[in-house]
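Could you have a look at this structure, given as structure tokens, before my questions?
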């Protein structure tokens, strides 16, 4: 019996030694010099700790030296845990748990910080336990002040516990050190075809090299990454895009030619920049309907170039930060903003992104049903209203802030910034790949996500799963001179042929000739490409509602206004077996009319062509009648009759084989040729 008592006593002594808090006093240490250095390090750490999160990394450097001297001080472990919550959640939990073991009363909010640490490490049950323990320690007055925040955190744990049971099937890859650093990287925005990524960083080599006095972090700079094979080439564009103060990415047009940035001026305003060749132009402040004396932080341009979604904390909103939409008027000015009240909550919404389909909106929110901090949601505009926002689920969303979600036109890849565990710094940029198949797992676990830096190489088996299917066609390529093959800066005019309504106007890049146009499914599109001194070029895309995502790469060659040059009028339509012009032809006919007015000495031949179905005589007559119908339209529009001739060639001049339906369709066409200049 005595041996048992001795053993239990030994256990109690051992336990007390393990959990004993050791203060930094002379009574506890014989190494007076080491103690003095440790106290000086704590003093230096406390000075940085008091400045806020921006200096927590510097505080950790000092605290770590003191902790190496004495690892068993509760208050020091607490402070280190609070610092690590900003950039290393796992370490934060380790230090906070030790602080609790050493002295659970070392700090009044220890249980709150422990709750946050468990919460952010996805131990939702423990998180709720510590939140409730903190709640029980509060006086009624203290609880009334923090109740909304505390109860929301408990609710987030409940949501997180449910979402983590049903993870979405994605791969999430940290983009690695070519993109990320020890410092925060965030707000990745990608053009529609994923060839360019523009993002924000707060590195020590920021333009001007200074820190923001409010949070002691380095000022923001914009970085541009171009996709080269399987890697990214990153550059700092310098001035005028970046300045000595805050410059951050907020939005990019689908074609990558217009960039929206944030500058920390006038409370925080939005600016528009145009890509001129290979250089970005000077940022221009957006008008008073977009910018206010309050804080505007995020913007996204719709595929039509005429719809802008943005975020502001102006006082007429639903919550703290709200999403608004503004439309470009006929004078080229952004109109009065409309609050998207069916989306916004009493909390903050941020990082809005409109998909190139023009109807799917992604955004981050602290409201709705989040699992902690900001979560990414999506809503779809259908039948005149926005659908109920849907949480994109775990592991896209975590218990920390998940913001700035940017998805490619195909819907297969997305980019986002996150403060999740395993990153290189406070916030990193990640690539999300939505899976169409489930890969083999190498162990017994249902491995649905991979935190990896190497590409996927697993063989695919098991059932297919749903992905974010996009209903649009992405048309891209270059616009070139037909003779020299050199790039041309040209206007690309997009028309809804059915409504005879101009939808959007784009411009090709002057240095490369590159263009990119997003064509959401469900319309008959007419495309006219125009440049001074050249004949216009037309394309037609009739895309049904049910059409799946596709990419079409097409280089367009513009012909100079010279005798002998001819083009196909691809948006001239006739009733079946008749010479009656259909209403869908109006935009193309107006383009032709405009060309004749701008070149008053030009004379042309309008020719009709058919396939080889039917007799030669019938087709020749039909093609003559159709060519004459176009000439008659031009005469009614005021073009002199002696400047035009009409001719029907029937099926004598095919441009494709008549053996296939596709070839016959190409042969059924209307052309014009310059006969005199």
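The values are calculated or read from the model by the stated rules, or taken from the named source; none is laboratory data. All values derive from a computational prediction rather than experimental measurement. Glycine also receives a Cβ, built like all others from the backbone with ideal geometry; neighbour counts cover every protein chain displayed.
Kindly indicate whether residue 555 is more than 25 Å from residue 194 (Cα to Cα), at pLDDT 95 or above and touching a strand residue (DSSP E or B) at 6+ places or on another chain (Cβ under 8 Å).
On the way: more than 25 Å from residue 194 (Cα to Cα): no; at pLDDT 95 or above: yes; touching a strand residue (DSSP E or B) at 6+ places or on another chain (Cβ under 8 Å): yes.
So residue 555 fails the test.
Scanning for something within 17 Å of residue 673 (Cα to Cα), part of a helix (DSSP H, G or I), over 42 Å from the mean Cα position of the chain (by Cα) and without any contact (Cβ under 8 Å) to a residue 12 or more places away in the chain, does region 620-632 turn up at least one residue?
Scanning region 620-632, I find at least one residue that is within 17 Å of residue 673 (Cα to Cα), part of a helix (DSSP H, G or I), over 42 Å from the mean Cα position of the chain (by Cα) and without any contact (Cβ under 8 Å) to a residue 12 or more places away in the chain, so the answer is yes.
What single numbered condition from (1) assigned to a loop (DSSP other than H, G, I, E, B); (2) not assigned by TED's automatic domain parsing to the domain that holds residue 303 fails to hold for residue 173?
It fails just one condition, (1).
Quick grid of which residues meet (1) in contact with a helix residue (DSSP H, G or I) (Cβ under 9 Å, 6 or more places away or on another chain); (2) closer than 27 Å to residue 478 by Cβ; (3) assigned by TED's automatic domain parsing to the domain that holds residue 490:
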site: 214; (1), (2), (3): yes, no, no
site: 220; (1), (2), (3): no, no, no
site: 226; (1), (2), (3): no, yes, no
site: 230; (1), (2), (3): no, yes, no
site: 247; (1), (2), (3): no, no, no
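Among the residues in region 603-619, are any surrounded by 19 or more Cβ atoms within 10 Å (Cβ to Cβ) and assigned to a helix (DSSP H, G or I)? Break it down stepwise before answering.
Filtering region 603-619 down to residues surrounded by 19 or more Cβ atoms within 10 Å (Cβ to Cβ) leaves 604, 606-611, 619.
Next, only the ones that are assigned to a helix (DSSP H, G or I) stay: 619.
Among the residues of region 603-619, at least one is surrounded by 19 or more Cβ atoms within 10 Å (Cβ to Cβ) and assigned to a helix (DSSP H, G or I), which makes the answer yes.
For region 522-560, give me each residue that is crowded, with 17+ Cβ neighbours inside 10 Å and assigned to a loop (DSSP other than H, G, I, E, B).
Result: 531, 535, 536, 549, 559.
Same structure, new question: Quick check on my filter: what residues within region 45-66 are in a helix (DSSP H, G or I) and either surrounded by fewer than 17 Cβ atoms within 10 Å (Cβ to Cβ) or out of contact with any helix residue (DSSP H, G or I) (no Cβ under 6 Å at 6 or more places or on another chain) (or both)? Break it down stepwise before answering.
Keep residues of region 45-66 that are in a helix (DSSP H, G or I), which gives 45-51, 53-66.
The answer is 46, 47, 50, 51, 53, 54, 57, 61, 64, 65.
Looking at region 493-503, which of its residues are in contact (Cβ under 8 Å) with a residue 24 or more places away in the chain, in a strand (DSSP E or B) and farther than 14 Å from residue 473 by Cβ?
Listed by number, the residues that qualify are 493, 495, 496, 502.
Condition test on residue 255, is it in contact with a strand residue (DSSP E or B) (Cβ under 9 Å, 6 or more places away or on another chain) and modelled with pLDDT under 90?
Details: in contact with a strand residue (DSSP E or B) (Cβ under 9 Å, 6 or more places away or on another chain): yes; modelled with pLDDT under 90: yes.
Yes, satisfied.
Check whether at least one residue in region 585-592 is closer than 18 Å to residue 666 by Cα, in a helix (DSSP H, G or I) and outside the structural domain of residue 495 (by TED's automatic domain parsing), and report yes or no.
Yes, that holds for at least one residue.
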